1. Consider only pairs whose beta carbons are under 7 Å apart and that are at least six residues apart or on different chains; among these, list those whose first residue lies in region 16-36 and is more than 16 Å from residue 49 (Cα to Cα) and whose second residue is loosely packed, with under 13 Cβ neighbours inside 10 Å and of a type outside the set (Val, Ile, Thr).
2. Does region 222-229 contain at least one residue that is in contact with a strand residue (DSSP E or B) (Cβ under 7 Å, 6 or more places away or on another chain), free of Cβ contacts under 8 Å to residues at least 24 places away in the same chain, closer than 24 Å to residue 295 by Cβ and assigned by TED's automatic domain parsing to the domain that holds residue 176?
3. Could you tell me which of the residues 276, 268 is of a type in the set (Asp, Glu), at pLDDT below 95 and more than 30 Å from residue 91 (Cα to Cα)?
4. Out of everything in region 120-147 that is in a strand (DSSP E or B) and polar (S, T, N, Q), what residue ends up being modelled with the lowest pLDDT?
5. Which condition number does residue 195 fail, the rest of (1) within 30 Å of residue 121 (Cα to Cα); (2) crowded, with 16+ Cβ neighbours inside 10 Å; (3) in contact with a helix residue (DSSP H, G or I) (Cβ under 7 Å, 6 or more places away or on another chain); (4) of a type outside the set (Val, Ile, Thr) being met?
6. Take residue 114 and tell me if it is of a type in the set (Ser, Thr, Tyr) and closer than 25 Å to residue 76 by Cβ.
7. Could you list, in sequence order, all residues of region 197-231 that are part of a helix (DSSP H, G or I), charged (D, E, K, R) and farther than 21 Å from residue 102 by Cα?
8. Residue 133 fails exactly one of the following numbered conditions: (1) buried (at least 18 other Cβ atoms within 10 Å of the Cβ); (2) under 30 Å from residue 114 (Cβ atoms); (3) touching a helix residue (DSSP H, G or I) at 6+ places or on another chain (Cβ under 8 Å). What is the number of that condition?
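The values are calculated or read from the model by the stated rules, or taken from the named source; none is laboratory data. Model, not experiment: these values are computed from the prediction. As a convention, Cβ positions derive from the backbone with ideal geometry for all residues, glycine included, and neighbour counts pool all protein chains shown.
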Amino acid sequence: MLNYRQLHYFWVVAKTGSIVRACEQLNLTPQTISGQISLLEQTFGIALFQRVGRQLELTQAGRQALPYAEQMFQTGNELEALLRAQPNEQQILFRVGVADVVPKSIVYRLIAPTMELSEPMRITCREDKLERLLADLAIQRLDLVISDSPMPTHLDIKGYSQKLGECGISFFATQALADQHTGNFPQCLQGAPLLIPGAETVIRSRLQRWFAEQQIQPRIIGEFDDSALMQAFGQSGSGIFIAPSVIADEVVRQYGVALIGQTDAVTESFYAISVERKVKHPGIVAITEGARRALFTALP
């Protein structure tokens, strides 16, 4: 049977990077911590750490175990905070998973209405690949998943998708780069250096199809699953990049770039995926109503 005290010692050592720092945090001796971790390793017949020179590194088994320990003790901390709260101070826990391809500005705008609810709410956000988030949703580790696509049909997971909205896309570049590609849009993108979303994003195939229809061949110089990283490269002048048109003004202000053009022929959609067909959680209700009322007012 799993000994949670031993697992906790393993988790602290893995997070702090050494037994010495773990001793300082736990107020225990090195012999106690190393001994308990050794017992944990003996229980399962595996090594969780290995010595590399003077450094202590996780083995493959240790790397596999760490995310589970992280989730367990994070949940434990949330439970402790909930139980310690006074009755009139108790918060509604709202656990949101965000697919890593969804732009961070969109995520903030979607979740922001939950901050205005009369009920005190504690929000935890976790970013990951969609399939891993949906697996956690299925076992109720998450209340909601925000994605750029609806619930995949090939997954044997019970979930319901609500379309929050859709919008066209806009193209941005530094002023210096924009000045090099003037003229009619989108023809000005011919041969231009372009930063595009990664292959896992829904918008990627739509964008490539639109380029083919327009008979335009930009010069792709970078692919990014993380939209924030793509925008950082765009801000440096590395290439032209895209973002949802609904946040175009914010992108111009935040990154100090110029708007080259917009199109509604390529749309990006956003979904809220939950395990309930009839939404009851006040956080989910706030997100869906806020998206349709304020963020995506032009949803067909």
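1. As it stands, the answer is 23/30, since those pairs meet every condition given.
2. No, region 222-229 contains no residue that is in contact with a strand residue (DSSP E or B) (Cβ under 7 Å, 6 or more places away or on another chain), free of Cβ contacts under 8 Å to residues at least 24 places away in the same chain, closer than 24 Å to residue 295 by Cβ and assigned by TED's automatic domain parsing to the domain that holds residue 176.
3. Details: 276 fails: more than 30 Å from residue 91 (Cα to Cα).
Going through 276, 268 in turn, just one is of a type in the set (Asp, Glu), at pLDDT below 95 and more than 30 Å from residue 91 (Cα to Cα): 268.
4. Of region 120-147, the ones in a strand (DSSP E or B) are 121-128, 144-147.
Next cut, polar (S, T, N, Q) only: 124, 147.
Values: 124: 88, 147: 94.
The residue in question is 124.
5. (1)
6. Details: of a type in the set (Ser, Thr, Tyr): yes; closer than 25 Å to residue 76 by Cβ: yes.
Here the answer is yes, as residue 114 does meet what is asked.
7. To start, the set of residues in region 197-231 that are part of a helix (DSSP H, G or I) comprises 202-214, 227-231.
Remaining after also requiring charged (D, E, K, R): 204, 206, 209, 213.
213 - this is the single residue of region 197-231 that is part of a helix (DSSP H, G or I), charged (D, E, K, R) and farther than 21 Å from residue 102 by Cα.
8. (3)
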